[in-house]
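This report refers to the structure that appears directly beneath it.
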Amino acid sequence: MILCAGHGTRLGALSDERPKPMLPVCDVPILRYGVAHLVAHGIRDLVINLHHRGDVIEQDLGDGRALGARIRYTHEEVLLGTGGGLKHALPLLDPDGADAPFVSMNGKLIFDVDLGALLAAHAARPGALGTMVVRRVPDAEAWGAVDARPDADGGAGALRVHDVLGRGQHMFCGVHVTRPSVVARLPDGEACMIRQGYLPWLRGGEVVAAFEHRAGYFAEHSTPARYLASNWALLDGADLTAPPGELRGVDPTADVAATATVRAPVRIGPGATVGAGATVGPYAVIGRGAAVAPGAVIERAVVWPGGRVAGEVRDAIVTAAGVTAVTPE
């Protein structure tokens, strides 16, 4: 299941135009990265929950066949949270009552986690309620720290969660494996998988395992600064196991004037136009069908699909609604 029902409030007006999972990174919506990654690991039966601007997601992904997946949707009239959304979706996640483990992933992520290794680690701990993907970071408490320690009962290299939202050296990455019978224990209605699930269960003596993500790309896009930083990292060549498309360079169908200057790294998408004497880059994304006016200077900026931009634009996100200036974090 890919969780996509949030409002994206820290993105400000940007989330009025598109839900957070549909923000284009290198001209590809964030959600398509997650779908491509799941499909590449053989996970093709997907459920996506919707609330804010869910119509944008359904129109773009459809039934998933074009992406090699089967996608079904749940609609939340009111937000149900990371646990409540899973419980609401149980009829789709477990239609035959087999109680098979499933992956839950936050839709705002571009995350190159080894899902095969994650599922194997979960299978090695049959008594664990879930296996949380964690990452060691210097500011763990700012993210809601996870206390994950070596666990001899789980075999060599295994980790066991001792606490969440407290002290520790890891952050929860927004991906975990659990079973429908575990989710069914959550209270009805709005519920957080951590606060109303794993945390009280841990304190009751039950087992939650951890899987440490040590290498590979990870980005979440909750603020405009993080969103831009992810674009730049991928333009710089950050590796992904299963990229959802071409992320760098000039698309063959783009119309770039002979007198324009293109300074790598850039992504100029299909059908985009760059006018005479314009300068694009370094660090610029011109989205599908977007237009850069003659003489414009675009640097460290992302122009969304269909956008129009003129003058000098730096450290900004350009959409149909206007220009959002961004201060790096």
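Below is a table of values for the structure above.
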{"item": "Some residue of region 104-125 being under 26 Å from Pro244 (Cβ atoms) and polar (S, T, N, Q)", "result": "yes"}
{"item": "Checklist (1) farther than 21 Å from Arg288 by Cα; (2) modelled with pLDDT of 95 or more applied to Leu11, failing item", "result": "(2)"}
{"item": "Region 235-293 - residue that is of a type in the set (Ser, Thr, Tyr) and closer than 28 Å to Ala40 by Cα and, of those, surrounded by the most Cβ atoms within 10 Å (Cβ to Cβ)", "result": "Thr241"}
{"item": "Residues (of a type in the set (Asp, Glu) and more than 18 Å from Val28 (Cβ to Cβ)) located in region 212-266", "result": "Glu212, Asp255"}
{"item": "In region 50-75, the residues that are assigned to a helix (DSSP H, G or I) and under 17 Å from the mean Cα position of the chain (by Cα)", "result": "Gly54, Val56, Ile57, Glu58, Asp60, Leu61, Leu67"}
{"item": "Only one of Val78, Val47 that is under 24 Å from Ile194 (Cα atoms) and either part of a strand (DSSP E or B) or polar (S, T, N, Q) (or both)", "result": "Val47"}
{"item": "Candidate set from region 1-35 (those that are among the small types (Gly, Ala, Ser) and buried (at least 23 other Cβ atoms within 10 Å of the Cβ)); member that is nearest to Gly174 (Cα to Cα)", "result": "Gly34"}
{"item": "Selection within region 306-323 - surrounded by fewer than 19 Cβ atoms within 10 Å (Cβ to Cβ) and either within 27 Å of the chain's Cα centre (by Cα) or assigned by TED's automatic domain parsing to the domain that holds Val25 (or both)", "result": "Gly306, Arg308, Arg314, Asp315, Ala320, Ala321, Gly322, Val323"}
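The values are calculated or read from the model by the stated rules, or taken from the named source; none is laboratory data. Values in this document were obtained by computation on a predicted structure and should not be read as measured data. No Cβ is skipped: glycine too gets one built from the backbone with ideal geometry, and neighbour counts run over all protein chains shown.
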